[in-house]
Amino acid sequence: MVFWVFGYGSLVWNPGFEYDEKVIGFIKGYRRVFDLACIDHRGTPENPARTCTLEEKEGAICWGAAYCVRGGPEKEKLAMQYLERRECEYDQKTIVDFYKEEDTFHPSLTGVIVFTSTPEKSNKYYLGPAPLDDMARQIATACGPCGNNRDYIFLLEKAMHDIGHNDDMVIELANEVRKVLEKMENVLTKEKLVGPVQLSYPHEPIPALQLQPLPEPIALDS
């Protein structure tokens, strides 16, 4: 018995379950987007984080890591139970073909499982697209039991670089988050010197509390 699962988010750098083989590659017809709410790992119901999911797009490819679990039904069951708890925001499992860089025309693996979410209002975790600066402000300030949302985007950026396949969308969003954090730090510095000032965003001011250091992320993540 054997099964393969494809990771394109935190699974790339932190699988968190026992596996027998890891292969770097890509799937076709999907791109990574940050349209999914996370309310129990790196966000809360009041201030949800934004994490990535997959969006179908003709001609697109999504790089990541495929993990193999061998060893019989019990080992597979334990791995899948862990993944279903961890990926609870994703409401469907999709079966895809997986390709490696050496042969981009013929799949290296078939029947690979990937956790995805339906882009519908009936899916309570689906946030939908938003302007880049709005997503960046949300990611810069959200935090939850597993850590903060900004670390998620920075760790994903690094993970994609480490496997040799940078994602332009991830880089662009991460850089925008850095700009937001820099503005927030400047505001806090001014407050210390001259007292409170109003943020120039068309949103409510961001409390300074959300800049306090957070614990290191635990194994369970999304």
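Given R0 = 22 Å, the distance between the Cβ atoms of Ser122 and Ala60 translates into a calculated FRET efficiency of 0.35. The distance from the alpha carbon centre of segment 53-123 to that of segment 2-46 is 8 Å, rounded to a whole number. Between the listed residues Leu36, Tyr8, Pro145, the Cα displaced farthest toward the positive end of the dipole of segment 2-194, a dipole computed from Cβ unit charges relative to the Cα centre, is found at Pro145. Net length available on complete extension from Asp168 to Asp133 is 11.0 nm, with 0.36 nm assigned per residue and the Cα-Cα distance removed. Among Asp134, Asp168, Asp20, the order by Cβ neighbours within 10 angstrom, fewest to most, reads Asp168, Asp20, Asp134. Considering only the Cα atoms of segment 2-194, their convex hull presents on average a projected area of 12.1 nm². Over all other residues within a Cβ to Cβ distance under 14 Å of Lys100, the charged ones net out to -3, with Lys and Arg as +1 and Asp and Glu as -1. When the Cα gyration tensor is reduced to axis lengths a ≥ b ≥ c, the ratio a/c is 1.5 or higher for segment 1-58, and with a/b not above b/c it is classed as oblate. Taking the dipole about the Cα centre of segment 34-137, with the C-beta of Lys and Arg at +1 and of Asp and Glu at -1, give me whichever of Ser108, Ser122, Gly71 is farthest to the positive side. Value: Gly71. Working note: Karplus 6.51/-1.76/1.60 with θ = phi - 60° gives segment 103-117 the couplings 8, 8, 9, 10, x, 6, 9, 10, x, 7, 7, 9, 7, 9, 10 Hz, where Gly and Pro are set to x. The Cα atoms of segment 1-106 give a gyration tensor whose axes a ≥ b ≥ c have a/c of 1.5 or more with a/b no greater than b/c, which makes the shape oblate.
The numbers here are math on the coordinates, done by the rules we state, and not lab data. All of these numbers come straight from a predicted model, not from anything done at the bench. No Cβ is skipped: glycine too gets one built from the backbone with ideal geometry, and neighbour counts run over all protein chains shown.
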